[in-house]
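Below you'll find the structure, written out as structure tokens, and then a few comments.
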2 protein chains.
Amino acid sequence: MIFSVLVDVRLRKGIADPAGSTIERSLPALGFSNVRNVGVGKTIRFVIEAENEKEAHEKVESICSTFLTNPVIEEAEITIENLEKVEGN
Amino acid sequence: MIFSVLVDVRLRKGIADPAGSTIERSLPALGFSNVRNVGVGKTIRFVIEAENEKEAHEKVESICSTFLTNPVIEEAEITIENLEKVEGN
């Protein structure tokens with residue numbers, strides 16, 4: 001079965017976010033006020049083949065924790081969609 | 001009113017994605033096969049104050065196109081949530 005995967009990676013709370021801080025500091029000078037709590041993260045989207053949704057989840061979690069994210073400072077939210085189910089309807 | 005904003009930035013179709021390609025090439029060597037179409041994007045989350053949802057949308061779109069994204073190669077999906085409405089319930 002084929003699954004579409006979205007991994008949404010964010011810095012954990014309390015971890016310094018230099019990119020977000022820079023955006024937040026710069027916006028007032030560019031005419032945009034009243035913006036705060038800026039945080040920058042990354043997304044990884046891909047397609048994966050697996051026997052079933054459980055196996056897909058396990059594979060993706062393994063890929064995330066070993067390769068795509070640094071679990072010490074980042075947390076990842078995984079969204080998996082069965083492409084065949086959508087197409088089959 | 002206070003709004004929570006998520007800007008999900010992706011490369012437009014056809015634009016080279018070196019980070020995604022590198023991940024895709026590396027995964028088989030790390031024991032993960034059957035992964036393809038890897039794409040890497042970024043997210044920017046923040047809180048913005050505006051009179052109403054329409055004004056918030058206009059502000060965020062303006063911030064996106066002038067500052068957060070390069071509209072030539074990137075497309076942004078904006079999600080806005082009224083924090084006061086959620087808290088008020």
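The values are calculated or read from the model by the stated rules, or taken from the named source; none is laboratory data. All figures in this text were calculated on a predicted structure; none of them were measured in a lab. So basically every Cβ, Gly included, is an ideal-geometry build from the backbone, and we count neighbours across all protein chains shown. Protein only, heavy atoms only, side chains kept; ligands, DNA and RNA dropped before computing areas. Shrake-Rupley method; radii C 1.70, N 1.55, O 1.52, S 1.80 Å.
Some notes on this structure:
- Label-point spacing at residue B:57 relative to the other copies reads 3.5 nm, in ascending order, each point sitting 7 Å out from Cα along Cα→Cβ.
- Equivalent ellipsoid semi-axes - Cα gyration tensor, the range B:2-88, angstrom: 34, 16, 8
- The calculated FRET efficiency for the pair residue B:74 and residue A:16, based on their C-beta separation and a Förster distance of 35 Å, comes to about 0.90.
- Charge dipole of chain B (Cα centre as origin; +1 on each Lys and Arg Cβ, -1 on each Asp and Glu Cβ, all else neutral): 640 debye, rounded to the nearest 20.
- Applying the Karplus relation 6.51 cos²θ - 1.76 cosθ + 1.60 with θ = phi - 60° to the range B:71-82 yields 3J(HN,Hα) values of x, 5, 10, 10, 10, 10, 10, 10, 10, 10, 10, 7 Hz, where x marks Gly and Pro.
- Listed residue (B:22, B:40, B:1) projecting farthest to the positive dipole end of chain B, Cβ model: B:22
- A point 7 Å from Cα along Cα→Cβ stands in for residue A:17, and the other copies hold the same point at 2.2 nm, listed in rising order.
- The HN-Hα couplings worked out from phi for the range A:48-65 by the Karplus form 6.51 cos²θ - 1.76 cosθ + 1.60 (θ = phi - 60°) are 10, 9, 7, 5, 7, 5, 5, 5, 4, 4, 5, 4, 5, 5, 5, 4, 4, 6 Hz, whole numbers, x standing for Gly and Pro.
- Placing dummy labels 7 Å off each Cα toward the beta-carbon, the span from residue A:55 to residue A:24 is 4.5 nm.
- Surface burial for B against A, with a 1.4 Å probe and both sides summed, reaches about 2700 Å² of accessible area.
- Pair residue B:65, residue A:82: separation of 7 Å Cα→Cβ label points (nm): 4.1 nm
- Per-copy distances of the residue A:1 label point, shortest first, in nm (7 angstrom along Cα→Cβ): 4.0
- From phi via Karplus (6.51, -1.76, 1.60), per-residue ³J(HN,Hα) for the range A:25-42 in Hz, x at Gly/Pro: 5, 7, 4, x, 5, 9, x, 10, 9, 6, 10, 8, 6, 6, x, 10, x, 9
- Among the trypsin sites (Lys or Arg not before Pro) in chain A, those placed in a DSSP loop whose Cβ has at most 16 other Cβ atoms within 10 Å are A:12, A:13.
- For peptide B:56-65, the mean count of partner chain Cβ atoms within 10 Å of a residue's Cβ comes to 2.
- Exercise: per-residue mean of other protein chain Cβ atoms within 10 Å, A:46-55: 3
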